[in-house]
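> Take a look at this one; I'll ask things after.
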Number of protein chains: 2
Amino acid sequence: MDLVWISIGASVLALLYALVSTKIILEQPKGTPKMNEVAAAIQEGANAFLKRQYKTVFIFWLAIVIVFGLLAYYLPSSFNWITPIAFTVGAGLSALAGYIGMQISVRANLRTAKAAEKGLQEALRISFIGGTVTGMSVVGLALLGFSVMYLLVNSPIELIGFGFGASLVSLFARVGGGIYTKGADVGADLVGKTELNLPEDDVRNPATIADNVGDNVGDCAGMAADLYESYVITVLASMLLATYAGLSSSALILPLLVGAVAIIASIIGTYFVKTNNKNRIWSALNKSILVSSLLSAIGFLILTGLLGELQYFPPLIAGILVAIVIAYITGHYTNKNTAAVREIAIASKSGAGTNIIYGIANGMRATAFPVITIVAAVIFSYFVYGDGAFGIALASMSMLSLTGIIVSVDSYGPITDNAGGIAEMSGMSAKIRATVTDPLDAVGNTTKAVTKGFAIGAAALAALSLFVAFANEAQITTLSILNPFVITGLFIGAMIPYVFSAITMRAVGSAAAKIVEEVRRQFHSIKGLMQGKAKPDYARAVDITTQAAIRSLVAPALLGILSPIFVGFFLGVQGLGGMLAGVIISGLVLALMMTTGGAGWDNAKKYVEEGHFGGKGSDTHKAAVVGDTVGDPFKDTAGPGLNPLIKVINMVSLLIAPLLIGLSAPLMLHLSVL
Amino acid sequence: MDLVWISIGASVLALLYALVSTKIILEQPKGTPKMNEVAAAIQEGANAFLKRQYKTVFIFWLAIVIVFGLLAYYLPSSFNWITPIAFTVGAGLSALAGYIGMQISVRANLRTAKAAEKGLQEALRISFIGGTVTGMSVVGLALLGFSVMYLLVNSPIELIGFGFGASLVSLFARVGGGIYTKGADVGADLVGKTELNLPEDDVRNPATIADNVGDNVGDCAGMAADLYESYVITVLASMLLATYAGLSSSALILPLLVGAVAIIASIIGTYFVKTNNKNRIWSALNKSILVSSLLSAIGFLILTGLLGELQYFPPLIAGILVAIVIAYITGHYTNKNTAAVREIAIASKSGAGTNIIYGIANGMRATAFPVITIVAAVIFSYFVYGDGAFGIALASMSMLSLTGIIVSVDSYGPITDNAGGIAEMSGMSAKIRATVTDPLDAVGNTTKAVTKGFAIGAAALAALSLFVAFANEAQITTLSILNPFVITGLFIGAMIPYVFSAITMRAVGSAAAKIVEEVRRQFHSIKGLMQGKAKPDYARAVDITTQAAIRSLVAPALLGILSPIFVGFFLGVQGLGGMLAGVIISGLVLALMMTTGGAGWDNAKKYVEEGHFGGKGSDTHKAAVVGDTVGDPFKDTAGPGLNPLIKVINMVSLLIAPLLIGLSAPLMLHLSVL
């Protein structure tokens, strides 16, 4: 038990590192009043959105706490008062992680824009320091929260509520942020770039502030909450499996220590991000990830050696290898200079139709190798070494232990994206944009795709562990596909990610349509706007996007919460187990398809914009823009949203499992025999 | 055993009906020499394609027969000489079904064009008689072939090879025909409509004959082989399950008798297709399906009553209800005047990007109710009445027993599509096209979508039965998802439909690109072509498409044949079982998404073309055309191709199951412990 203090110490260290980094950011020069004005508008919009989003979360939180209270009161054998408390802490820390990610990002953007005057190196330094604040806060809060709670209740089973809280808030953050950011982005592009021929981030476009707000609430706050959740869930699942298997106390605590080791390795890794060459940005960032991975691997060897549990070293290495292989594969299908992306650009020559056909096909075939990698890791971790299912959990834990450095590398992207927006809108020299913020932003697309591949791969492994935990909680020893309830559960589970994606993509489409209308209205009614003589009403566009995104939050959240309850009570534990497996496998391939496909389209467009096949303004470019527009909700809303969805469904199932054991046979059977 | 003669009699009746219908078609007037010239070109192209396709099939057939021969020689305990013979008959009849479908279609098109001069009623009559030839040949050949083979070998287990032959040829026919038809269609549209502003089927477009050939080799030959295969597989699976369960001899023969009853009901149903009102075409066709369903239901009641097996009546009714419900749901998401399709048309107003986003979302959400319907049917058939898994098989058998009427209704569509092409190219009055062939063709889109929904729903149920049969052959009594081989098999299985779709969609894209190049080349090098003074080189475009389609056949076929062999030998029977389930569930939702989504886009374009939101030539229309282009490979290549893919994988697994039992543990485990 004393060993928990090590993970508490490491997580406090991560938070201190984030604090120091924050101080560095705040001390940077803030530029001209015009720049500050733009940044303030973005900040205000982001805060307004987060406030509204957290209000909705609060209502859900209240309803769920009441349900947990009632369950603890009436079913004391299955539920106790720890669940609502753990749920609250888990949800609260998730909200906090998102809040911190966003607050630092809306401040670092301005400082990065200013630093860009000094050149690429300084801009990269400032934006990356901003990124490390988010990265270290995410791992720090996740590990600290879980370790302290574990110290208090001394049983991972009591902390299932903690994981549920993390999952639920992260679903809201990912989906809400995702709809906001892509609604604003697609809307701004459709009317700005396509209809009015305005450049990106043009000061006359009323949706441009909303677009920049979106980077913060989606790519920063949403992503932070998402990875916080993945981390928490993985720690929880690993410790649950160790408990069920009755492993040694050092095996039980191992996931927390793995997290602690990787935090230190990640902090060291952050010092390797340095370059002044715009063609070497990705390799600089990549180096920090590789250094952190290598140091973590060495740390894991020492750790398992000291604990006398060397048999757990191989699955830990497998997890790191999966992370690296998936990052490599994702790059292969999404990097701007790969054959895969060039092919989409070539297809754009014959029009938007072929651009879409090749882009979707690219996303579809990109599912093969990540799946095979995960399959190999599962078989290896389960059989060759490790302790059965606990080996799989350890592999996912070691993957996610790299969250600190991965999120740091990821978060610098939206900061530079915003910095570019501020530079454009405040009338800074065009050269700054071309030579500093645009190259940084382009690499940001790749890091985002890599992070998403990493997140969904890790989520699949973590969900597998949760799935085994569910079987334990539901007292299932076999879950045979030959059982009709299991196979029908599988069918339903495979369908849910499609329905979820349909809901979220329609939400983006509808938010974008509202933005288009509003922008058209403003250009129509505000005289002199097109000539730059009058100012657009940014706040109104921000407000419309906020409302659209918040309103669209409810349906996907209810789908995640209610579907396992319905299936559980109608098809029983066997049906629910089938559904969980169905959601995991179908969700994994669909999410891989959407995130990789979306990034491929984005970079195919960028490839054309570099001057290939006619460059900007050509018909080929117009076709490539269509793919990019479709890719936006694929890669930033529906695809990454599947990640928390899978886990919310798993967590709800884990929570209701004790209630289902009591049911001698599924309800449906009773109904239909009537 | 004597009862088999009933199914033989009914299938001979179906074939006689097809023969009489053929005679009626051939006696119809054939129009002007110009019309005959166009029709001859289409016929020649279709024959050339089929010849080349069957050559490729022949090579695969030969390789497989050799493998079966070797297996029968060296492993006489698991294989015998019946397998290669049954395989040959199954494959041969599949090829014959496709051949008949195509031969009648390339003759009925011309007669329908001529009949169109007399009005809608006569054109509908001729094209529908053409459709019934295909419909009745498909069921006749399937039921006759299986019944006679069963009479000879007296054991469904010996006829697994028959099913494999049917599946393999149908995979070739669906995929080859699908790539051909959509490569030509997309290519012709991209360069003809979009670049050169030529109308559909314009005589100057060099790809226009290829486009019309495509209707015949894809929508007629491909679809006929596909449903022949579904029918055969379902009969096989039902009889296998009855055998494993040791049911009575009348239960064993029931699937054949169900087929016989429905043939008679379907023949009566064909007499109800009569209308002269262009707004009532669908209801006339629909009436024939409903009459056939009702008569079948009454027939099933009498049949099960006479056999003294009334307990099998409820699952038979369930199957018919599933067919009707799925047809209704598909219509809801694809019919031109529904809210769902109008929404896609509205989204086209803001551009191609939103058209695609809404169209994909439409396909995704359209998966929900068909899946729920299938789940309900499975639970009902398994538990409430019927005999466990045999109940599910009976439900799928009763669904597929309607194949005769469904294919008849479906096949009239491509015939009228071709008739429209002939009318256009031979310079017939534009009024004929507007008032007769276009309205018939538009309804053809809906019947195609309904047939595909029906086919994939039936395929899922049939595949479930095959899956149970596999478990029996592999001597598996449990297939627990908690087993790491099963869950990894599920992952791989869920990914395969994505990879298959990627391959086939890229093949369409690449065939289309070659057509675009060729058409551009001809307009560039043939002087006076644009002015209508010179003739294009149709044959060359036909030849290019044929080559592209045939070359693309091999990869998807190998994926279907080799993936179960690899997984079986590396992950063992448990892993293979997981993979089968994964392919079925993931394939079902993906196929539903693609076929429904594609039909939605197609009709959204047609809705705009009716004059909504600016009508033809407007920006909205251009955006809607993009969706239609993407929808083409979705609904006519990748989506329906998943159907035979699922079954080929199942059939290969069934065949290799006896070999896997001998392996004490999966090969992978041996390898990795080395």
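> Please report how far the C-alpha centroid of region A:51-88 lies from that of region B:1-60, rounded to the nearest whole angstrom.
67 Å
> Further question on the same structure: A 21 angstrom limit on the alpha carbon distance is what I want to check against. Which of B:K30/B:K431; A:K23/A:K635; A:K622/B:K193; A:K514/B:K349 exceed it?
A:K23/A:K635
> Please compute the Cα-Cα pair-distance distribution of region A:7-162 with 10 Å bins starting at 0, giving whole percents from short to long.
Taking every Cα pair in region A:7-162, the percentages come to 11, 29, 28, 19, 10, 3, 0.
> Taking every residue in B:504-517, how many Cβ atoms of other protein chains lie within 10 Å of its Cβ, on average?
4
> OK, next. How big is region B:158-306 along each principal axis, measuring the range of its Cα positions in Å and listing the largest first?
Cα extents, longest axis first: 66, 42, 16 Å.
> What nm distances, shortest first, do you get from the label point of A:R540 to those in the other copies when the point sits 7 angstrom along Cα to Cβ?
Going from nearest to farthest copy, the values are 5.8 nm.
> Per residue of B:589-601, what is the mean number of Cβ atoms on other protein chains within 10 angstrom of that residue's Cβ?
2
> Quick one: if you stick a label point 7 Å off each Cα along the C-beta vector at A:W81 and A:E117, how many nm between them?
Here the answer is 5.9 nm between the modelled labels.
> Still on this model: Say each of A:K55 and A:A555 gets a label point 7 Å from the Cα, pointing the same way as Cα to Cβ; how far apart are those two points in nm?
If labels sit at A:K55 and A:A555, their model points lie 2.2 nm apart.
> Specify the inter-centroid distance of region B:119-148 and region A:308-325, based on alpha-carbon positions, in whole Å.
61 Å
> Hey, got a sec? Which trypsin sites (Lys or Arg not before Pro) in region A:411-509 land in a DSSP loop and have at most 12 other Cβ atoms within 10 Å?
Nothing satisfies the criteria.
> Which whole-Hz ³J(HN,Hα) couplings does region A:452-468 yield from phi under the Karplus relation 6.51 cos²θ - 1.76 cosθ + 1.60, θ = phi - 60°, glycine and proline marked x?
After applying 6.51 cos²θ - 1.76 cosθ + 1.60, I find 5, x, 4, 4, 6, x, 4, 5, 5, 5, 4, 5, 4, 5, 4, 5, 5 Hz.
> Let a ≥ b ≥ c be the square roots of the eigenvalues of the Cα gyration tensor of region B:435-532; is it rounded (a/c under 1.5), or, if not, prolate (a/b larger than b/c) or oblate?
Oblate shape, in that a/c is at least 1.5 and b/c is the bigger or equal ratio.
> For region B:55-117, what is the per residue volume of the convex hull drawn over the alpha-carbon atoms, in cubic angstrom?
Each residue corresponds to 66 Å³ of Cα convex hull volume.
> Let me ask something additional. Mean residue ellipticity at 222 nm from the helices of the protein assembly as shown, using -39,500 (n - 2.57) per DSSP H segment of n ≥ 4 over the full residue count, to the nearest 500 deg cm²/dmol?
The helix contribution divided over the protein assembly as shown gives -27500 deg cm²/dmol.
> Could I ask something else about it? Just checking the output field for A:634-642: average partner chain Cβ neighbours within 10 Å of each residue's Cβ?
Counting other chains' Cβ atoms within 10 Å and averaging over A:634-642 gives 1.
> Further, regarding this structure: Let's test this: bin the Cα-Cα distances of the protein assembly as shown at 20 Å from zero up to the farthest pair and state each bin's percent.
11, 40, 35, 13, 1
> Please list the radius of gyration and Dmax for chain B, considering alpha-carbon atoms only, with Å as the unit.
23.9, 77
> I've got another one for you. For region B:269-316, take every pair of Cα atoms, bin their distances at 10 Å starting from 0, and report each bin as a whole percent.
Pair shares across the bins are 27, 34, 22, 14, 3.
> What is the Cα convex hull volume of region A:219-337 when expressed per residue in Å³?
Roughly 123 Å³ of hull volume per residue.
> At 7 Å along the Cα-to-beta-carbon direction for both A:N277 and A:M530, put a label point, then send me their distance in nm to one decimal.
So the label points at A:N277 and A:M530 sit 4.7 nm apart.
> Take the alpha-carbon positions of region B:386-447, form their convex hull, and give its projected area averaged over all directions (one quarter of the hull surface) in nm².
5.0 nm²
> Continuing with this model, one more query. Along its three principal axes, how long is region A:117-228 when you only count alpha carbons? Whole Å, largest extent first please.
Answer, in whole Å and largest first: 61, 34, 14 Å.
> How many angstrom lie between the Cα centre of region B:208-286 and the Cα centre of region B:572-637?
23 Å
Since every read-out is calculated from the coordinates, none of them should be taken as a lab result. Fair warning: this is a prediction, and the values are worked out from it, not measured in the lab. Don't worry about glycine lacking a Cβ; one is built from the backbone with ideal geometry, like all the others, and counts go over all protein chains shown.
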